[in-house]
Amino acid sequence: MVAAGDGKSIEEMSVSDIRSAGEGLLDQDAHKLYEKIQQILSQTGGSKAHAWSRVSQEVLTPSQPFGLHQLLYYSIYRNWDSSNGPPPAWIPSREGVKYTNLGRLLEFYGTNLFGAEYKDPISSFTALHQLSVLKPEVYWRIALKELGIPFIREPSCILDLDPLAFDAESPGGVWLPGAYVNAADFCLEFNNRRNPSNIAVMWRDEGEDDAPMNTFTLCELKARVVEVARSLEECGFSKGDAIAIDMPMTVSAVIIYLGIVLGGFIVVSIADSFAASEIETRLNISKAKGVFTQDFIIRGGKKHPLYIKVVEAKAPKAIVLPTEAKASNVTLRQGDIMWDVFLALANKNSRLGDYKAVACPVSEFTNILFSSGTTGEPKAIPWTHATPIKAAADAWAHLDIRAGDVVCWPTNLGWMMGPWLIYAALVNGAAIALYNGSPLGYGFGKFIQDTKTTMLGIVPSIVRAWRRTDCMNGLDWSNIRCFSSTGEASAVDDYLWLMGRAGFKPVIEYCGGTEIGGAFATGSLLQAQALAAFSTPAMGCRMYILDEQGHPIPSDMPGIGECAFDPSMIGSSTTLLNANHFNVYFKNMPRYHGKILRRHGDEFERTIGGYYKARGRVDDTMNLGGIKVSSVEIERICNLSDQRVLETAAIGIPPAGGGPENLLVVVVLKDNEIKLSEDELKHTFNLAIQQKLNPLFKVSSVAVIPLLPRTASNKVMRRTLRSQYGTMKPNHNKFTFIPLKKSNL
């Protein structure tokens, strides 16, 4: 909802409009704001973007009511020419960009790369992106040098597109052939940006908001990582063994993760929210030889058993960490050991001194992550030692993470953003900030203030909760240089509110996938950023929008369609453990410029002006709370939750105004005469899904219909259902539908 003065342009705005939106502003203060705004308008020569940029920086403050922020944003852009694309919420300054990572790179290499055509970082950004996809060997040599990647054995080249290497298993060629590396070594090796005395990790527990910050220097972190690597060897694990982590994203989890990789083992990522059956599935697929876990998880002051779930999942040997400082009182299975006993193994013999990271071919696995497919079984996606390079390079180029920064992103090692955060921060010489508790309240916000976080990553549902409760009021987030957002579609007003908490710093949208190791669409501090929109494909990624015939729409044309990529992306997957990689990502895809395009599954819009907007999945998956899940997984549980249910269709429906998807379950009952309320079904489905799949998932609404729409081959037409139900809007704690077209069900 737009604030007071709705419908007026900034030129028509009055002092009374400002006073009304300001919720009690004194007349003299409202007059001062009005006069300042008029002065800015006269100095910006009719440029709405520059007027908003100056108003957001010189007039608006975090302490003002959000209604005033809305009023000025919408009134300034009231008559915005849509042929220019979406209105920018933030624009870079020509001086400021020179201090960014990409700005420094362009100022140093620009003339050599582009000759006399080079002018400045802002005007050369598009040329740099083109260079990254047309001449990857040039861009990635520079990027690898900037990142300080320590090769144990240098690669023979950057990208091998020789026909012998360029086969069905590697349609994008082979990256860094011949290289030997260790991805944990990327994070721990001391260099000019990673000093032993620099803070590498800082953390605080929920409920201890005024306690001193806990910290590890890089030297301290490395010592503990080495201890884990040595203990794993003494515990009987062999190089290449898969070892799971099923625990919250704590400093111990980070140490364990890096210790597994440093020792040449493979991490198996499992989210601590999963039910025992889902844990078991992931352990079986990955053939894990062991698992790190905790006795309990504490959320909202309550203990939730975790080790018991791991035991129910028939896990192999478990190493159990106590959640609290005192010794755990859980009874262990035979063969399982406590954390302190495990660490003592590192000193079992006298092999002290420097520990050398285990050298691995760059194509060896470091991490097995899982992404829901449409078959009910999660896809097992291996990351290699090249994937962390993609993660760290994205953070360096697009989120401008630098040495000395503090990076916070509430996440979990079960999802790609957990490992991504480790590499994004540590490889770039930044500190990881970890809050052990819920990110939804004031305690988390104070943690951001106290750590002086410079890059805050979020998912839209978290921001929506902050805005609704106004729990971040009065905090100082002025150290934030930019936000980043991933996992779900964002809403304009939510992110306008978010920007206002930190003096209108930009939000860099970040959309990618586990199989990519980072983003394919994102933003840049060298470009104007619009709310809920992407300004560029990621560096090194050539992105296409396919028309209905499967042909790429010209890159200078707006359009909507399934997005696809040039397959030559560093760090992207080349195999799946439990599916045919080629069939999943390349089968039946068109060829373009001599290469078969890589499928992703998202529908994207390229707007006038060259921005991109996500429009959801084109397959039968959805995004709930930042977690991608297949319709089949949810339907399987709902179908068995009540014997009166014949079948269901689970679909994600966007809320009115944009933002994260809501889960709608469309139900067909076995007998049309059955009197079963939608509220009763909703309760039943929620209980079953949260117990058997994920406690974070929630059914927003249920619709009972006589028959599901199907194709001639009897497949459920979920896309038709999404179109017929349109969007959802809250109505007295329920949801009502805004159909896109009249339903014919």
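We did not get these values from a lab; they are worked out from the coordinates using the rules stated. These numbers come from a predicted model, not from an experiment. Here the Cβ is made from the backbone with ideal geometry for all residues, glycine too, and neighbour counts use every protein chain on show.
Values for this structure:
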item	result
All-pairs alpha carbon distance profile, the stretch 10-80, 10 Å steps from 0, percent	21, 60, 18, 0
In sequence order, calculated HN-Hα J values of the stretch 301-308 (Karplus, 6.51, -1.76, 1.60; Hz; x Gly/Pro)	x, 10, 8, 10, x, 10, 4, 4
Efficiency of FRET from Cβ geometry, Asn473 and Gln43, R₀ 30 Å, rounded to 0.05	0.40
Sorted by Cβ density within 10 Å, fewest first, the residues Val228, Val341	Val341, Val228
Signed unit charges on C-beta, dipole axis of the stretch 10-80, positive-most listed residue Ile10, Gly45, Gln64	Gly45
Residues whose placed amide H lies under 5 Å from that of Tyr592, excluding near-sequence neighbours	Leu597
Label point at Ala465 placed 7 Å out along Cα→Cβ; residues across the stretch 391-430 whose backbone nitrogen lies under 18 Å	408-415, 417-418
Estimated inter-spin distance, Arg615 and Gln691, nm [label 7 Å along Cα→Cβ]	4.1
Cβ charges +1 (Lys, Arg) and -1 (Asp, Glu), total dipole of the stretch 10-80, debye	220
Net charge over other residues, Cβ less than 10 angstrom from the Cβ of Val133 (K, R count +1; D, E count -1)	+1
At 1.567 mPa s and 4 °C, Stokes diffusion of the stretch 97-181 via Kirkwood alpha-carbon radius, µm² per second	90
Distance between modelled label sites at Ala403 and Ala344, nm, 7 Å Cα→Cβ extension	4.1
Rg to Rh, two decimals, where the stretch 446-501 supplies the alpha carbon set and Rh follows Kirkwood	0.93
For the stretch 490-596, with +1 on Lys and Arg beta carbons and -1 on Asp and Glu, the positive-most of Thr536, Met557, Gly500 along the dipole	Thr536
Distance between the stretch 55-104 and the stretch 386-417 - C-alpha centres, whole angstrom	25
For peptides 476-488, 382-394, 198-210, 173-185, sequence by mean Cβ density within 10 Å, most packed first	382-394, 173-185, 476-488, 198-210
Under Karplus coefficients 6.51, -1.76 and 1.60, residue-wise ³J(HN,Hα) of the stretch 362-368 in Hz, glycine/proline x	4, 8, 6, 6, 10, 7, 10
Rounded if a/c under 1.5, otherwise prolate or oblate - the stretch 510-571, Cα gyration tensor axes	oblate
FRET efficiency, 1/(1 + (r/R0)^6) with R0 22 Å, evaluated for Arg719 and Asn580 via beta carbons	0.35
Length released on extending from Glu548 to Asp27, taking residue separation times 0.36 nm less the Cα-Cα span	181.8 nm
Phi to ³J(HN,Hα) by Karplus 6.51 cos²θ - 1.76 cosθ + 1.60 over the stretch 463-475, Hz, x for Gly, Pro	4, 4, 5, 4, 5, 5, 8, 6, 7, 9, 4, x, 8
Charge dipole (debye, nearest 20) of the chain; +1 at Cβ of Lys and Arg, -1 at Cβ of Asp and Glu	600
Spacing of the two label points (7 Å from each Cα toward its C-beta) at Arg153 and Lys302, in nm	5.4
Size of charge dipole - the stretch 603-714 - debye, nearest 20, with Cβ of Lys, Arg +1 and Asp, Glu -1, no other charges	280
Extended-chain gain in nm, criterion 0.36 nm per residue less alpha-carbon gap, Ser14 and Ile142	40.8 nm
Global size of the stretch 279-345 as Cα Rg and Dmax, reported in angstrom	12.2, 35
Ranking of Leu134, Leu60 by count of other Cβ atoms within 10 Å, fewest first	Leu134, Leu60
Label of the coordinate-derived value, Rg and Dmax of the Cα atoms in Å, listed as (i) 26.0, 79; (ii) 30.9, 104; (iii) 27.3, 87	(i)
Charge sum, other residues only, whose C-beta stays under 10 Å from Tyr180's C-beta, Lys/Arg counted +1 and Asp/Glu -1	-1
Asn588/Lys314 FRET efficiency (R0 30 Å; Cβ-Cβ; nearest 0.05)	0.20
For the stretch 459-513 versus the stretch 554-625, the gap between their alpha-carbon centres in whole angstrom	27
For Lys317, Lys505, Lys309, order by how many other beta-carbon atoms lie within 10 Å, fewest first	Lys317, Lys309, Lys505
The stretch 582-711: Cα Rg divided by the 2.2 N^0.38 Å rule of thumb	1.27
